[in-house]
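See below for the structure under consideration.
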């Protein structure tokens, strides 16, 4: 199991690296487009469409890593006043609920991806793009997110109610 989680961690680190590369690309593309518009009064018609897709991909590539690093927003106002005994069931519940929610997102994303693939749905705007290609990241990212939530839930459940391993 340790080999699986080590490979899983490497893969999500690769995914967040790819998300960073995509972010640099869209930043450079926006700067390029602004420069073109300012200097030559020309614009790039494909930029908005590609940026929309890139932002979707960034979210689903980086979310699992962010969860693993505990970088998500938390509601510390109430949580900070709870005892360790009260925090444990809340942590377990939140992690299991997050895993179930991500699993539902995985299922719905997979259905939508499959529908777009089978029916040959395309997005016809500045650039014609097969929608299955755009939405393929949703089930993939959601699967990784589900696994990470369940991993964190298992770790918390293994600690026991006292909060100590």
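None of the figures in this text is laboratory data; all of them are computed from the coordinates on show. The structure displayed is predicted, hence computed values, not measured ones. Note that we place each Cβ from the backbone using ideal geometry, even for glycine, and neighbour counts take in every protein chain shown.
Screening the candidates 12, 45 for the property of being in contact (Cβ under 8 Å) with a residue 60 or more places away in the chain, outside any helix (DSSP H, G or I) and within 29 Å of residue 132 (Cβ to Cβ) yields one hit, 45. Could you check, for the stretch 92-113, whether at least one of its residues is over 28 Å from residue 5 (Cβ atoms) and surrounded by 14 or more Cβ atoms within 10 Å (Cβ to Cβ)? Within the stretch 92-113, one or more residues are over 28 Å from residue 5 (Cβ atoms) and surrounded by 14 or more Cβ atoms within 10 Å (Cβ to Cβ).
Residues of the stretch 59-72 that are touching a helix residue (DSSP H, G or I) at 6+ places or on another chain (Cβ under 7 Å) and surrounded by fewer than 16 Cβ atoms within 10 Å (Cβ to Cβ): 72 alone.
Of all residues in the stretch 73-80, none are in contact (Cβ under 8 Å) with a residue 24 or more places away in the chain and surrounded by fewer than 16 Cβ atoms within 10 Å (Cβ to Cβ). If you go through the stretch 106-120 and keep only what is farther than 24 Å from residue 150 by Cα and either outside any helix (DSSP H, G or I) or out of contact with any helix residue (DSSP H, G or I) (no Cβ under 7 Å at 6 or more places or on another chain) (or both), you end up with 114, 115, 118, 119, 120.
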